[in-house]
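Structure, as structure tokens:
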Amino acid sequence: MATSTMFSQLAGGMIVSIEIFILTLVFSLPLGLLVALGRMSKIKVLSGAIKVYIAIMRGTPLMLQLIVVYFAPYYVFGIAISASFRFTAVIIAFSINYAAYFAEIFRAGIQSIGAGQWEAAQILGYTKTQTFFKIILVQVIQRIIPPVTNETITLVKDTSLSFVLSVAEMFTIAKQIGAREASIMPLMAAGLFYFVFNYIVAFGMDFFEKKMSYFR
Amino acid sequence: MAEVLLEIKNLRKVFEDNAEVLKDFNLSVHKGEVVSIIGPSGSGKTTALRCATMLTPISGGSVTYIGKKAVWEENGKICYAPKAQMKEIKKSFGLVFQNFNLFPHYTVMQNIIDAPIHVDKVPKEEAKKRALELLDRLGLKDKADFYPFRLSGGQQQRVSIARALALQPKVLFFDEPTSALDPELTAEVLKVIKQLASEHMTMIIVTHEMQFAREVSDRIIFMEHGVVQAEGSPDELFNSDNARLKEFVGKLTC
Ligand SMILES: Nc1ncnc2c1ncn2[C@@H]1O[C@H](COP(=O)(O)OP(=O)(O)O)[C@@H](O)[C@H]1O
Ligand SMILES: [Mg+2]
């Protein structure tokens, strides 16, 4: 096989990997914030249920979660699974898994903001919702950039786990070509891709961190 | 006699750990009056302010602003004024914290105008104009675009006073406004409070600055163990023969 063909196939996989990465962030970050708020809720049933959810997400392999999400429609609802569901299942599994991790980061961030900020806002007449979105959240975001960067970098590499559902992302394709051609080159190329991708992610997060350091 | 702006009656506060921090605390403050609260650490001064400003729920008694009951105990239950009335009540007071609690992600200007704009619905231009006047009065005109971290403690505390004043409260509480500051910065904050006193702002000030309390107050309250031990004009209090008060004042002034 020509090197150019290999690269064009890998490039297709690369786009799928990037799609998984972006969609996961788009869904898991807001979901993580909601989960964090639920986890801190005074309603015991809610916070208890969310604790269990977080424990499962963090305590079991993501690869297993991918498989469970993919087969759930069939085993739980008896719905036939179409091949096109693979990609959706990957996005769902990644999103609920990463939401759990992000939730814990958000929670730590929210709890690190002193009561004084809430109290000052209360005295000034802000509602709780106004206080959270106007006063607290920006400060939380500034503080959680480093741990969120770590998770995001892990996510780049974790996208390769989609191979268990044979979703045609970078790693799956590299493995296929590698097996067919009996060559390690495609996998090496994939490795380089993850490295460069993460380099760009880290660079972006670093830029964001600097932008957010206008206050202390 | 001027209108009573704040009336605290038989206020009791018991924390979850059963410590009775306030026992039958009473205070009424008239329009234009400056009342200082002094007393040893742990005597319940902060708790009294927090109960009065509804940051902490009371355990008994009542708090009334401008003749409207804000919070009170009835048959062992704590009741709050209905929502609309509470909103009006909350607009009638402000609180300046010991450690300022400015919003770090807002500039000085934003700190001052954000609540008037988003809580009181004051038009932005109007809020800005008022803020600039306040900053001018408090000697901070050139700091409008600074973020709080670039200001000294004294400047931060003056901004927090401006932020409270921007909502035009009828009563302003201060909880040890200078105890996080070194003496030089303390002086600039005390000067601002004295200026407000001369403009007849109604204020309730918890402080350890005896000389200041003496100069600025119409009335001083000496608290200990959750009760008012002595109360009177500065001269009455500083010449009192209450042994505990003498000891307390003596310790702080020499
Ligand atoms: N949240 C709380 N829970 C339990 N005890 C408290 C709490 N806040 C204050 N106290 C206690 O109440 C007493 C009075 O505290 P405080 O009002 O802060 O006194 P002051 O401001 O006069 O120094 C202290 O003994 C303090 O330990
Ligand atoms: Mg105190």
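The values are calculated or read from the model by the stated rules, or taken from the named source; none is laboratory data. Keep in mind that what you see is a predicted model, and the values were worked out from it rather than measured. Neighbour counts are summed over all protein chains in view; Cβ atoms, including those assigned to glycine, are modelled from backbone coordinates with ideal geometry. These area figures cover heavy atoms from the full protein model, side chains too; ligands, DNA and RNA do not enter into them. Shrake-Rupley method; radii C 1.70, N 1.55, O 1.52, S 1.80 Å.
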Checklist outcome for this item: iface A-B | buried accessible area, total | probe 1.4 Å | Å², round 100 | 2000
Next on the checklist: What does DSSP give for the range B:153-254 in terms of the percent of beta bridges that are antiparallel, rounded to the nearest 5?
Outcome noted: 50
Checklist entry - Using a simple spin-label model with points 7 Å from Cα along the Cα→Cβ vector, what separation in nm is obtained for A:Thr3 and B:Leu132? => result 6.6
Checklist entry - Under a straight-distance cross-link criterion of Cα-Cα below 18 Å, which lysines are reachable from B:Lys128, leaving out those fewer than 8 residues away in the same chain? => result B:Lys141, B:Lys143
Next on the checklist: Two decimals, Cα atoms only, Kirkwood Rh: what is Rg/Rh over the range B:137-254?
Outcome noted: 1.01
Item to check | Test item: Cα-centred dipole of the protein assembly as shown, Lys/Arg +1 and Asp/Glu -1 on Cβ, debye | outcome: 1040
Item to check | Positive-end extreme of charge dipole, the range B:143-200 - chosen from B:Gln156, B:Leu190, B:Ala144 (charges on Cβ) | outcome: B:Ala144
Checklist entry - By how many degrees, between 0 and 90 and to the nearest 10, does the Cα long axis of helix A:3-39 differ from the longest principal axis of chain A? => result 20
Checklist entry - Over the Cα atoms of the protein assembly as shown, how large are the radius of gyration and the largest Cα-Cα distance (Dmax), in Å? => result 30.0, 103
Item to check | Interface residues, the range B:136-167 - accessible area loss of 20 Å² or more versus chain alone, probe 1.4 Å | outcome: B:Tyr147, B:Phe149, B:Arg163, B:Leu167
Checklist entry - Using θ = phi - 60° and the Karplus form 6.51 cos²θ - 1.76 cosθ + 1.60, what ³J(HN,Hα) does each residue of the range B:108-118 get, whole Hz, x for Gly and Pro? => result 3, 4, 4, 4, 7, 8, 4, 5, x, 6, 8
Checklist entry - Could you give the nm distance between label points at A:Ile184 and B:Asp24, where each point is 7 Å from its Cα heading toward the beta carbon? => result 8.7
Checklist entry - Could you sort B:His118, B:His105, B:His225 by accessible area so the largest value comes first, with the probe set to 1.4 Å? => result B:His225, B:His118, B:His105
Checklist outcome for this item: XL table B:Lys23/B:Lys194; B:Lys31/B:Lys69; B:Lys13/B:Lys69; B:Lys68/B:Lys191; Cα-Cα > 22 Å flagged, in table order, is B:Lys23/B:Lys194; B:Lys68/B:Lys191
Next on the checklist: Normalised radius of gyration for the range B:100-168, please: alpha carbon Rg relative to 2.2 N^0.38 Å, two decimal places.
Outcome noted: 0.97
Checklist entry - Quick one: in chain A, what % of C-alpha pairs are over 25 Å apart? => result 50
Item to check | Loop sites in the range B:103-181: trypsin sites (Lys or Arg not before Pro), DSSP, at most 12 other Cβ within 10 Å | outcome: B:Lys121
Item to check | Rg to Rh, two decimals, where chain B supplies the alpha carbon set and Rh follows Kirkwood | outcome: 0.97
Next on the checklist: Could you tell me which residue out of A:Gln122, A:Gln111, A:Tyr101 lies farthest along the dipole of the protein assembly as shown toward its positive end? Charges go on the beta carbon: Lys and Arg +1, Asp and Glu -1, centred on the Cα centre.
Outcome noted: A:Tyr101
Checklist outcome for this item: Averaged per residue, the 1.4 Å probe accessible area of the range A:1-88, protein heavy atoms only, in Å², is roughly 61
Item to check | ³J(HN,Hα), Karplus 6.51/-1.76/1.60, whole Hz, each residue of the range B:93-106, x for Gly, Pro | outcome: 9, x, 9, 9, 8, 4, 10, 6, 6, 5, 8, x, 8, 10
Item to check | Carbon and sulfur %, accessible surface of the protein assembly as shown computed with the full protein complex present, 1.4 Å | outcome: 60
Checklist entry - Roughly how many nanometres apart are two label points built 7 Å out from the Cα toward the Cβ at B:Gln168 and A:Thr60? => result 6.1
Item to check | Exposure ranking of B:Cys79, B:Cys51 by accessible area [1.4 Å probe, largest first] | outcome: B:Cys79, B:Cys51
